[in-house]
Amino acid sequence: MRGLRILIAALALGLSAPALAVQPDEILDDPVLESRARDISAGLRCLVCRNESIDESNADLARDMRLLVRERLVEGDSNTEVVAFIVERYGEYVLLRPTTEGVNIILWIAAPVLFVIALLSSGMYLRNRSQAPEPVKEGLSADEQARLKELLKD
């Protein structure tokens, strides 16, 4: 009975893993190069699917990019050179994890800075609101009460 549970758990874990879209004809003969290709492909975004890596995507463009990565590795490029080549060709959007250099630093810093500004401004608003004087509740003057009675008679 325990063996059956382990088998079911292993099967569930195996099925919950992301399905890789790498075709058998794309796989390199050298396991070291193939491992490097998989590592690089896992960090590159499919431009068709947007939130999938090219390793997970079945799109034709993702296949072309996977083949391009493997081609560059076979030619002797390092991982950094392959990624630089792909970024130069398709733009920095192709990186699933954008760099923290140049203009991208704004993207990395903007959210925390805006969050801190929102916290500070809401704190100041609540503090000023608690220190504000209570509004004075004045009744109607005698003239206003007479005018109101006159209007209500009609």
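Before moving on, here are some points about what is shown:
- Residue check for residue 42: modelled with pLDDT of 85 or more, of a type in the set (Gly, Ala, Ser) and loosely packed, with under 15 Cβ neighbours inside 10 Å: yes
- Residue in the range 7-19 that is hydroxyl-bearing (Ser, Thr, Tyr) and either modelled with pLDDT of 90 or more or surrounded by 13 or more Cβ atoms within 10 Å (Cβ to Cβ) (or both) present: no
- Considering (1) free of Cβ contacts under 8 Å to residues at least 12 places away in the same chain; (2) at negative phi; (3) over 15 Å from the mean Cα position of the chain (by Cα), the lone condition that residue 107 does not fulfil carries the number (3).
- Test: residue in the range 60-83 that is surrounded by 17 or more Cβ atoms within 10 Å (Cβ to Cβ), within 17 Å of the chain's Cα centre (by Cα) and more than 18 Å from residue 35 (Cβ to Cβ): no
- Residue within the range 125-132 that is among the hydrophobic types (A, V, I, L, M, F, W, C) and either under 24 Å from the mean Cα position of the chain (by Cα) or at pLDDT below 90 (or both) present: yes
The values are calculated or read from the model by the stated rules, or taken from the named source; none is laboratory data. Quick caveat: nothing in here was measured; it's all calculated off a predicted structure. FYI the Cβ positions are ideal-geometry reconstructions off the backbone, even for glycines, and counts take in every protein chain you see.
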